[in-house]
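The values are calculated or read from the model by the stated rules, or taken from the named source; none is laboratory data. Computed from a predicted structure; not experimentally measured. Note: ideal-geometry Cβ built from the backbone for every residue, glycine included; neighbour counts use all protein chains shown. Please note that ligands, DNA and RNA were not included when accessible areas were found on the heavy atoms of the full protein model with its side chains. Shrake-Rupley method; radii C 1.70, N 1.55, O 1.52, S 1.80 Å.
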Amino acid sequence: SEKQKKQFEENWDIDYCCTFSPSNRFRSNVMIHNDGIEGSYRTISDSIKTLRELGFERPDVLEKLTTYHQGLVLITGPVGSGKSTTLASMVQLINKARQDHIITVEDPVEIIIPSENCNVSQRELHSSTKSFANALKAALREDPDVIILGEMRDLETIEMGLSAAETGHLVIGTLHTRSASSTLDRILDVFPPDQQGQIRAMLAESLKGIICQDLMENHDGTKVLMVPEILIGTLAVGNLINDANTHQLRSVI
């Protein structure tokens, strides 16, 4: 669009979704480099797969995380590990099982989730909101039951997400971390030292689960397999977070 062209000319790169038809969508990045302009395009599935279809052997464990009415659920992993696909699958579970208002904030909106039993409002960075923090601040006045954060990337977004999880909302977000303990350390590290005790207490109280995932090739390289690490927010986990013993989380898992 003209707006996207202007943004590209100002910033010299742009992330957006390129749509030719409902079944023909791509997550796109265009950039300028020393030889000119280059684009990368990643196919977006036109269907929302179930957790079992994605390769989770115990989908019931993840399904339980979608039944909470408040708390924090995190989906983590490196770039290209399928976090957005897992997120959409969990949102669809809520969409079918509950009658709530779901607000998503994404950069960009990848998988379109039509409203079924829930009212699903999908907001895209730069086209329908200025920032994750702005959208989250507004969402608290838009009567949401479930808030989906496509990326928890800065202090303000993480702080408001934690507050929303404590005040009666189910918050599901993603981070680029490789394990449950590094996820918690990443969240804590964005806060100044004098706030970390308070944030530990908030995390210990509100954390419902962390799904760390990666995709690896099978033995003959013909397909990729889901490799998840799943932490459930139990009393023992809350105590370890409160006591700053997150390095012991692997043994709890």
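Summing Lys, Arg as +1 and Asp, Glu as -1, what charge do residues with Cβ under 13 Å from the Cβ of TRP12 carry, TRP12 excluded?
Taking every other residue near TRP12 into account, the sum is -3.
Structure note, pairs LYS49/LYS208; LYS64/LYS130; LYS6/LYS137; LYS64/LYS223; LYS130/LYS208: Cα-Cα distances above 31 angstrom occur for LYS64/LYS130. In terms of modelled amide H atoms, which long-range or inter-chain residues lie less than 5 Å from the amide H of THR177? So THR177 has HN proximity to GLY77. Distance from the Cα centroid of the stretch 128-161 to that of the stretch 206-242 is 24 Å (rounded to whole angstrom). For the residues ASP100, ASP46, ASP194, a GNM of the chain with alpha-carbon springs under 10 Å puts the largest fluctuation on ASP194.
A probe of 1.4 angstrom, applied to the heavy atoms of all protein chains, finds HIS69 with accessible area near 120 square angstrom. Accessible surface ranking for SER206, SER127, 1.4 angstrom probe, highest first: SER127, SER206. What is the angle, in °, between the Cα long axis of helix 155-166 and the longest principal axis of the Cα atoms in the chain? Nearest 10 is fine, range 0 to 90. It is inclined by approximately 50 degrees.
In the complete set of protein chains, residue-level accessible area for ARG27 is approximately 60 Å², probe 1.4 angstrom.
GNM on the chain, C-alpha springs below 10 Å: top fluctuator among PRO108, PRO228, PRO192? In this elastic network of the chain, the residue with the biggest mean-square fluctuation among PRO108, PRO228, PRO192 is PRO192. Less than 11 Å Cβ to Cβ from ASN134, Lys/Arg counted +1 and Asp/Glu -1: what total charge do the surrounding residues give? Result for the neighbourhood of ASN134: +2. Compute a Gaussian network model of the chain, connecting alpha carbons closer than 10 Å, and tell me which residue from MET216, MET160, MET226 fluctuates the most. Highest fluctuation of the listed residues: MET216. For the set PHE191, PHE20, solvent exposure ranked by accessible area (probe 1.4 Å, protein chains only) runs largest to smallest as PHE20, PHE191.
Leaving ligands, DNA and RNA out of it, report the carbon-plus-sulfur percent of the accessible area of the stretch 128-253 at a 1.4 Å probe. Spell out each step's value before the answer.
Details: 2940 of 6070 Å².
Its accessible area is 48 percent carbon and sulfur atoms.
With Cβ to Cβ distances under 12 Å as the rule, what net charge do the other residues near GLN195 carry (K, R +1; D, E -1)? With Lys, Arg at +1 and Asp, Glu at -1, the neighbours total -2.
Between the exposed loop cleavage positions of the chain, defined as GluC sites (Glu not before Pro) in a non-H, G, I, E, B DSSP state with at most 15 neighbouring beta-carbon atoms within 10 angstrom, the longest gap is 143-253.
For the stretch 102-152, with every protein chain kept in place, what is the accessible area per residue (1.4 Å probe, Å²)? Provide the component values of the computation, followed by the final result.
On the way: 2120 Å² over 51 residues.
So the stretch 102-152 comes to 41 Å² accessible per residue, rounded to a whole number.
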